[in-house]
1. All but one of (1) modelled with pLDDT under 90; (2) surrounded by 11 or more Cβ atoms within 10 Å (Cβ to Cβ) hold for residue 88; which doesn't?
2. Could you please tell me which pairs satisfy a Cβ distance under 8 Å, a separation of 6+ or placement on different chains, a first residue in the stretch 166-186 that is on the phi < 0 side of the Ramachandran plot and modelled with pLDDT under 85, and a second residue that is open to solvent by 100 Å² or more (accessible area, probe 1.4 Å) and part of a helix (DSSP H, G or I)?
3. Specify the residue that is least open to solvent (accessible area, probe 1.4 Å); the eligible residues are those in the stretch 187-196 that are without any contact (Cβ under 8 Å) to a residue 24 or more places away in the chain and of a type in the set (A, V, I, L, M).
4. Only one of 56, 26, 107, 48 is surrounded by fewer than 14 Cβ atoms within 10 Å (Cβ to Cβ), at positive phi and of a type in the set (Gly, Ala, Ser). Can you tell me which?
5. Out of all the residues in the stretch 32-46, is one or more among the aromatic types (Phe, Trp, Tyr), more than 30 Å from residue 156 (Cβ to Cβ) and part of a helix (DSSP H, G or I)?
6. Which number in (1) within 24 Å of the chain's Cα centre (by Cα); (2) assigned to a helix (DSSP H, G or I) marks the one condition that residue 145 misses?
7. Being assigned to a helix (DSSP H, G or I), under 30 Å from residue 260 (Cα atoms) and open to solvent by 30 Å² or more (accessible area, probe 1.4 Å): is that true of residue 116 here?
8. Out of (1) buried (at least 21 other Cβ atoms within 10 Å of the Cβ); (2) basic (Lys, Arg); (3) farther than 18 Å from residue 73 by Cβ, what's the single condition that is false for residue 177?
Amino acid sequence: MRGDSPMAPPRSFLWSRRIFLTLLAGFVLLPVYVMVSSSLKPLADVTGEFRWLPSGLTVRPYIDIWSTVPLARYFVNSLIVAGAATVCSVVIAVFSAYAVSRYDFRGKRTFTVTVLSTQMFPGILFLLPLFLLYVNIGNATGIALFGSRGGLILTYLTFSLPFSVWMLIGYFDSVPRDLDEAALVDGCGPLGALFRIVVPAATPGIVAVAVYAFMTAWGEVLFASVMTNDTTRTLAVGLQGYSTLNDVYWNQIMAASLVVSVPVVAGFLLLQRYLVTGLTAGAVK
């Protein structure tokens, strides 16, 4: 019988870890099972006594979700708003973080502390000021920010951009400056060094910032419920349409929740390798 390695953990630790991970997986997957099973039940079965094993399965809720509320329009609005907010956050954060990481200027520390300090305040504190600001801008200039996709994109930038800048500053600091200097010697300018050297080396960090910005905008409810109207409403707010004065379509709510989660889950799985690397490498110099 082969003996255990002296460096191997004890068997009690291995079994304790397996039991803990099994319980954790069950705790995480149990709500998912309830969502999936409820989305495949008729409404009468969902509103009645709960059963772990459905008595009958139907895909009708997945068909009805598109007609009960204009889910397709909400889906397009969310894609446009979240996609634009992600692109703007990444582009602005890359230039800002590169300037802070590679150049010394007056007020550099103040700028960094200010960017980081904005994360200490809850978003609800900015709701009323932004609302009044958008309304006054619309009255003075005719630019409709309130109730528009553009206004919602600017709103999401107010709390996704500071974190993106702060995170990329730490990641760009981990990229050796010798690479920039070598690029400058070869004839590249500052922008050439940024796009040819720094950005490829910092791809995991940029992907992590993009995923954070997209997920933040995709599932945001507070600002979307105030800053949008029937035309520009996003998915996070539009799901409330399945609850009426007469009834709540729980099976359709579960089906719609699963459908709208597909882009986020698929993107996370595809970019998981870059996301984990980006979140950890930036903190190690």
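1. Result: residue 88 fails condition (1) only.
2. As it stands, the answer is 183/196, since those pairs meet every condition given.
3. By that ranking, first place goes to 193.
4. Sole residue among the options that is surrounded by fewer than 14 Cβ atoms within 10 Å (Cβ to Cβ), at positive phi and of a type in the set (Gly, Ala, Ser): 107.
5. Yes, the stretch 32-46 has at least one match.
6. (2)
7. Considered against the rule, which asks whether it is assigned to a helix (DSSP H, G or I), under 30 Å from residue 260 (Cα atoms) and open to solvent by 30 Å² or more (accessible area, probe 1.4 Å), residue 116 comes out as no.
8. Of everything listed in (1) buried (at least 21 other Cβ atoms within 10 Å of the Cβ); (2) basic (Lys, Arg); (3) farther than 18 Å from residue 73 by Cβ, residue 177 misses just condition (1).
The values are calculated or read from the model by the stated rules, or taken from the named source; none is laboratory data. None of these values were measured; they are calculated from a predicted model. Heads up, the Cβs are rebuilt from the backbone with ideal geometry, glycines too, and the neighbour counts pull from every protein chain shown. Keep in mind that these areas ignore ligands, DNA and RNA; they rest on the heavy atoms of the full protein, side chains included. Shrake-Rupley method; radii C 1.70, N 1.55, O 1.52, S 1.80 Å.
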